[in-house]
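The values are calculated or read from the model by the stated rules, or taken from the named source; none is laboratory data. Keep in mind that this is a model prediction, so the values were computed, not measured. Every residue, glycine as well, gets a Cβ built from its backbone with ideal geometry; the counts of neighbours run over all protein chains shown.
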Amino acid sequence: GEYQLTRNHTKGILLNVLIAGVDTSGHTITWVMTHLITNPRVMKKAQAEVREVIKNKDDITEEDIERLEYLKMVVKETLRISPLVPLLIPREASKDVKIGGYDIPEKTWIHVNIWAVHRNSDVWKDPECFIPERFVDNEIEYKGLHFELLPFGSGRRMCPGMGMGMA
């Protein structure tokens, strides 16, 4: 018969979305802190920027956050070198295609290895090193438009919690 979505199913789906957002945000913060602690030069530079922008304010505004350019680069570099989800959700080929010289038959499941994409030495100089400065004057963003950096995936199957996670 036909599948019926119940109130309990809806609650379960919403709970999964909420928990996924909380867990991944917490893990990202842990990775940011790990990279800052293991890279004292980067930590000093980030601290100096925060002290310069925030000063002695009691309330931090969105405008203040927007001015934290180096800290944003630290977050991008963390998402690049320590992706929380190393493999994107699998996709199925809707027709026979050729990708990178490989024949992919219709109905084949395709996995995108983000961990490998983010460490591609053809794209990233010293890909194993934590270097936030690689994003200075660099248009690459994490929002799914640049396939060199896809911590949240891309397209219709992109992580629905990206906005919340980056807030």
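Tabulated data
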{"quantity": "First in segment 87-116 and closer than 17 Å to Arg157 by Cβ and in contact (Cβ under 8 Å) with a residue 24 or more places away in the chain, second anywhere and polar (S, T, N, Q) and surrounded by 12 or more Cβ atoms within 10 Å (Cβ to Cβ), Cβ under 9 Å, 6 or more apart", "calculated": "Leu87/Asn113; Leu88/Asn113; Leu88/Ser154; Val112/Ser154"}
{"quantity": "Considering residues of segment 23-62 that are of a type in the set (Asp, Glu) and at pLDDT 95 or above only, the residue farthest from the chain's Cα centre (by Cα)", "calculated": "Glu52"}
{"quantity": "Filter result for the condition that a residue is surrounded by 10 or more Cβ atoms within 10 Å (Cβ to Cβ), of a type in the set (Lys, Arg) and under 25 Å from Gly144 (Cβ atoms), over Lys76, Lys45", "calculated": "Lys76"}
{"quantity": "Filter result for Lys107 (more than 29 Å from Leu36 (Cα to Cα) and either assigned to a loop (DSSP other than H, G, I, E, B) or touching a Phe, Trp or Tyr at 6+ places or on another chain (Cβ under 9 Å) (or both))", "calculated": "yes"}
{"quantity": "Residue that is more than 12 Å from the chain's Cα centre (by Cα) and part of a helix (DSSP H, G or I), where the choices are Arg119, Arg134", "calculated": "Arg134"}
{"quantity": "Exclusive hit being out of contact with any Asp or Glu (no Cβ under 9 Å at 6 or more places or on another chain) and either among the hydroxyl-bearing types (Ser, Thr, Tyr) or surrounded by 12 or more Cβ atoms within 10 Å (Cβ to Cβ) (or both), set Ser82, Ser94", "calculated": "Ser82"}
{"quantity": "Filtered residues of segment 9-32 (kept if surrounded by 11 or more Cβ atoms within 10 Å (Cβ to Cβ) and of a type in the set (D, E, K, R))", "calculated": "Asp23"}
{"quantity": "Qualifying positions in segment 119-167 - at pLDDT 95 or above and either in contact with a Leu (Cβ under 8 Å, 6 or more places away or on another chain) or of a type in the set (Val, Ile, Thr) (or both)", "calculated": "Ile131, Val136"}
{"quantity": "Breaking point among (1) loosely packed, with under 13 Cβ neighbours inside 10 Å; (2) in contact with a Lys or Arg (Cβ under 7 Å, 6 or more places away or on another chain), for Tyr70", "calculated": "(1)"}
{"quantity": "Cβ pairs under 8 Å, 6+ apart, first in segment 60-82 and under 18 Å from Lys45 (Cβ atoms), second basic (Lys, Arg) and modelled with pLDDT under 95", "calculated": "Asp64/Lys57"}
